[in-house]
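Student: Okay, here's the structure, questions in a sec.
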Amino acid sequence: MKHWLIYFLFLITMVSCKKLTPQPMQVIYHDTVQIQPIAHPDILDIDTLLLSGESQEIKKFYKTNEYKIGWTEEENRMQLLEVLKNLKTDGIPTEQFPIAKLEEYNKDYAELSDQEKMKADILFANNYSLALNQLYNGVLNARKLYNDWDIDAKNLSASSTMVLALDNKAVEISFDSIRPAKQVYTRMRSKLTDLYELNSDSLQVFKNTTVNINDTLSQTSTLVNHLIFLNYLSDSISSASAVYTPAIADGIKQLQNKHKLKINGIADEKTMDALVSEVNMVKEKLIVNLERWRWFPREFGEYYILINIPNYSLVAVSENDTLQSHKIVVGKKDRKTPVLSSQLTTIVLNPTWTVPPTILKNDLTPKASADRSYFTKQNFTIYNAQGKVVSAEEWDPSKARSYRYVQKGGPGNTLGRIKFLFKNNHAVYLHDTPSKWNFDIDKRSLSSGCVRVQDPFDLAQYVFEIVGNNISQEKINEILKSEKTNNISVSKVPVQIHQLYWTIQIDKNGKIKLLDDLYDLDKDLYKKLNTSKG
């Protein structure tokens, strides 16, 4: 009896631990992996005629499961229903899922006819596949939305993963296993969860009521919770009291100051409008940026350079340790820096610069037409279509696009003294700049798409150390002094580069930092997510 009691307590402990820290499940990313069908005897065969209009993913699921239904276990069905309802905390619209119909099928499952069980099974399978793919690759396809988005969708076999999940009663765990594990995503999701718990509509009761300091009002706790959420109050302040304290008034003053309202610490109607508006704006930012992080690569690599375009920032990371941080200059609104993932190939000292079409049209041609000495002053060599050098006097501005313009490497070069190359479809790269003053400006969307890096030789040293290139500072100085272009391969050890775009950050204390939506992408993406039908 004693042994049975010990064993029973052990099982309870194991179950409790699993609930607290669910273990990741094997996720199948490629169809080359062989999966065994669900190990249940006497399962109903699916009528294959019902599959004729279904997706290839659903057909693969039933083929893998030897054309038998798979959603026979109530625990699996209940787990999926719970997952679908909670996907709103990932910013995924849950209205697209037929939750009421799935609940009806689950509730009446024992009384369903064989034909109804097949239809129910296909509906559960479809919504598992849809939800899993959306959590892994996003609700929308970034490449269809933007022509400057250069990150591929990630491979996932939802059909094989579904078989494994059903066989192990691990539907919920299968979703946890593919959810982005990056801290940025986890914190945004936690903040969105907090927001849904707020129920912002409850703030409307304040709008026609003027609240003064030390008044007692039942709605005060709701106001406090919203101020804490937006970081206008410390979370150490209790919302249990109904008294409108001076601390609450100070939080209101911060809000009023931010929104350029009359600063009086009183929760009047305009102040409450501003509070509701800010909560909704934060919600919008969280939802669109959670979607972007589902588009991004799951793994950044052991060594990588990470750029957040709206934050004008670059960090160099080695084995999860951020070693360097740099200010950057990014593309203007009409010459956006593209979002991409690639790998560094070459570092160029004393780079030359070939003028791209947009700068040729908007900058070089007007300036050179007004003053032919522009070419000499800027160290440009002009080449015709046959590759022969053309003098400034022979240059024909009416045929400006037929020439190639190359600026000599060295001091004064537009790219500075160093650039970092990586494969991409947009002809962009990282580089130095002679205009060092740009880094003193807060809003640094000034380039034609490439990224200018402050202290680029420090970044180069980070790369050289990783790839084992022992080039000395003396040697670098010698090359720079020669003004001759020198290409140094850095592809021996992979150093990834990720140029990404996100406009809100949440720190470990839940504090919100809003970033400029440089390219005005947030509102349109939010609208598209809200109208998505999956």
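Student: Send over the per residue convex hull volume for region 279-332, Cα only, as a whole number of Å³. Mind showing how you got there, number by number?
Tutor: Details: hull volume 6.2 nm³, N = 54.
Value for region 279-332: 115 Å³ per residue.
Student: Past 32 Å, Cα to Cα, is the threshold; run Lys191/Lys333; Lys327/Lys484; Lys107/Lys144; Lys101/Lys528 against it and keep the listed order.
Tutor: Values: Lys191/Lys333 29 Å; Lys327/Lys484 27 Å; Lys107/Lys144 39 Å; Lys101/Lys528 25 Å.
Among Lys191/Lys333; Lys327/Lys484; Lys107/Lys144; Lys101/Lys528, the Cα-Cα distance tops 32 Å for Lys107/Lys144.
Student: Where Rh denotes the Kirkwood radius from the mean inverse Cα pair distance, what is Rg over Rh for region 416-505?
Tutor: Numbers: Rg = 14.6 Å, Rh = 15.0 Å.
Radius of gyration relative to Kirkwood radius: 0.97.
Student: Okay, moving on. Suppose a student asked you for the relative contact order of the chain, using Cα pairs under 8 Å spaced at least 6 residues apart; what percent would you report?
Tutor: This gives 16 percent for the chain.
Student: Among bridges DSSP assigns within region 233-345, what percent are antiparallel (round to 5)? Please list the in-between numbers first.
Tutor: Details: 12 of 12 bridges.
Antiparallel: roughly 100 percent of the beta bridges in region 233-345.
Student: I would also like to ask the following. At 7 Å along Cα-to-Cβ for each site, give me the label-to-label distance between Lys144 and Lys513 in nm.
Tutor: 3.5
Student: Given the rule -39500 (n - 2.57) for each run of at least 4 DSSP H residues, summed and divided by the residues of the chain, what is its mean residue ellipticity at 222 nm, to the nearest 500 deg cm²/dmol? Walk me through the numbers before you get to the answer.
Tutor: On the way: 17 runs with 203 residues, N = 534.
Helix contribution divided over all residues of the chain: -12000 deg cm²/dmol.
Student: Hey, another quick one. For a Förster distance of 41 Å, can you work out the FRET efficiency between the beta-carbons of Asn86 and Glu302, rounded to the nearest 0.05? List each step's numbers first, then the result.
Tutor: Details: r = 33 Å, r/R0 = 0.80.
Efficiency, from the Cβ-Cβ distance: 0.80.
Student: Sticking with this structure for a sec: In debye, nearest 20, what is the charge dipole magnitude of the chain about its Cα centre with +1 on Lys and Arg Cβ and -1 on Asp and Glu Cβ, if you could check? Walk me through the intermediate numbers first.
Tutor: Details: 66 positive and 63 negative charges, 437 e Å.
That gives the chain a dipole magnitude of about 2100 debye.
Student: List the relative contact order of region 180-295 as a percent without decimals, with contacts defined as Cα pairs under 8 Å and 6+ residues apart. Walk me through the numbers on the way to the answer.
Tutor: Values: 131 pairs, mean separation 38.3, N = 116.
About 33 percent, as a whole number.
Student: Over all alpha-carbon pairs in the chain, figure out the percentage whose distance exceeds 36 Å.
Tutor: Looking at the chain, the distances longer than 36 Å represent 52 percent of pairs.
Student: In addition: Would you please name the trypsin sites (Lys or Arg not before Pro) within region 43-128 that are DSSP coil residues with at most 14 other C-beta atoms within 10 Å of their C-beta?
Tutor: Details: sites: Lys59, Lys60, Lys63, Lys68, Arg77, Lys85, Lys88, Lys101, Lys107, Lys117, Lys119; in loops: none.
Sites meeting the loop and neighbour criteria: none at all.
Student: Based on DSSP, what percent of beta bridges with both residues in region 363-451 are antiparallel, to the nearest 5? Don't skip to the end; give the middle numbers.
Tutor: Details: 8 of 9 bridges.
Bridges in region 363-451 that DSSP calls antiparallel: roughly 90 percent.
Student: Assuming 0.36 nm per residue, please report the length gained on full extension of the stretch Asn477 to Asp176 beyond their Cα-Cα distance.
Tutor: Numbers: separation 301, 0.36 × 301 = 108.36 nm, distance 5.11 nm.
Here the answer is 103.3 nm.
Student: Lys and Arg at +1, Asp and Glu at -1: add these up for the other residues within a Cβ distance under 12 Å of Tyr244 and post the number. If you can, show how the numbers build up before the last one.
Tutor: Working: positive: none; negative: Asp215, Asp250.
It works out to a net charge of -2.
Student: Right, next: Counting Lys +1, Arg +1, Asp -1, Glu -1, what net charge surrounds Asp516 among other residues with beta carbon under 12 Å of its beta carbon?
Tutor: Working: positive: Lys285, Lys333, Lys443, Arg444, Lys513; negative: Asp442, Asp517, Asp520, Asp522.
Once positives and negatives cancel, what remains is +1.
Student: Based on the mean of other Cβ atoms within 10 Å per residue, sort peptides 426-437, 388-399 so the most packed one is first.
Tutor: On the way: 426-437: 17.8, 388-399: 11.4.
Those peptides, ordered most packed to least, come out 426-437, 388-399.
Student: Still on this structure, please answer the following. Just list whichever of Lys59/Lys169; Lys336/Lys523; Lys388/Lys419; Lys377/Lys423 have alpha carbons separated by over 24 Å in the model shown. Don't jump to the answer; show the numbers that get you there.
Tutor: Values: Lys59/Lys169 21 Å; Lys336/Lys523 17 Å; Lys388/Lys419 26 Å; Lys377/Lys423 32 Å.
In this structure, Lys388/Lys419; Lys377/Lys423 lie more than 24 Å apart at Cα.
Student: Tell me the relative contact order for region 381-432 as a rounded percent, counting alpha carbon contacts under 8 Å between residues six or more apart. The partial results should precede the final answer.
Tutor: Working: 49 pairs, mean separation 13.9, N = 52.
Result for region 381-432 is 27 percent.
Student: Related question: Give me the number: length gained by fully extending Glu269 to Ser236, i.e. 0.36 nm times residue separation minus the C-alpha to C-alpha distance, one decimal in nm.
Tutor: Numbers: separation 33, 0.36 × 33 = 11.88 nm, distance 2.63 nm.
Full-extension gain reported as 9.2 nm.
Student: Further, regarding this structure: All other residues with a Cβ under 12 Å from the Cβ of Ile35 taken together, and with Lys, Arg as +1 and Asp, Glu as -1, what is their net charge?
Tutor: Details: positive: Lys60, Lys63; negative: Asp31, Glu66, Asp167.
Charge balance in the 12 Å sphere: -1.
Student: May I pose another question? Over the alpha carbons of region 146-299, what is the largest minus smallest coordinate on each principal axis, giving the biggest first in Å?
Tutor: That gives 61, 41, 25 Å along the principal axes, largest extent first.
Student: Where does each of 183-190, 241-248, 26-33 land if you order them by average Cβ count within 10 Å, highest first?
Tutor: Values: 183-190: 17.8, 241-248: 15.5, 26-33: 14.0.
Highest-to-lowest ranking by the protection proxy: 183-190, 241-248, 26-33.
Student: Can you give me the long-range amide H partners of Val390? Hydrogens built in the peptide plane at 1.01 Å from N, cutoff under 5 Å, separation of 5 or more residues or another chain.
Tutor: Amide H to amide H, under 5 Å and 5 or more residues apart or across chains, Val390 pairs with Ile382, Tyr383, Asn384.
Student: Here's a follow-up. Relative to the longest principal axis of the C-alpha atoms of the chain, give the angle of the C-alpha long axis of helix 158-167, reported between 0 and 90° and rounded to the nearest 10°.
Tutor: 30
Taken together, the values in this text are just the output of simple stated rules run on the coordinates, not laboratory data. What you are looking at is a predicted structure, and each value in this text was computed from that prediction instead of being measured. Cβ atoms come from the backbone with ideal geometry, glycine included; neighbour counts cover every protein chain shown.
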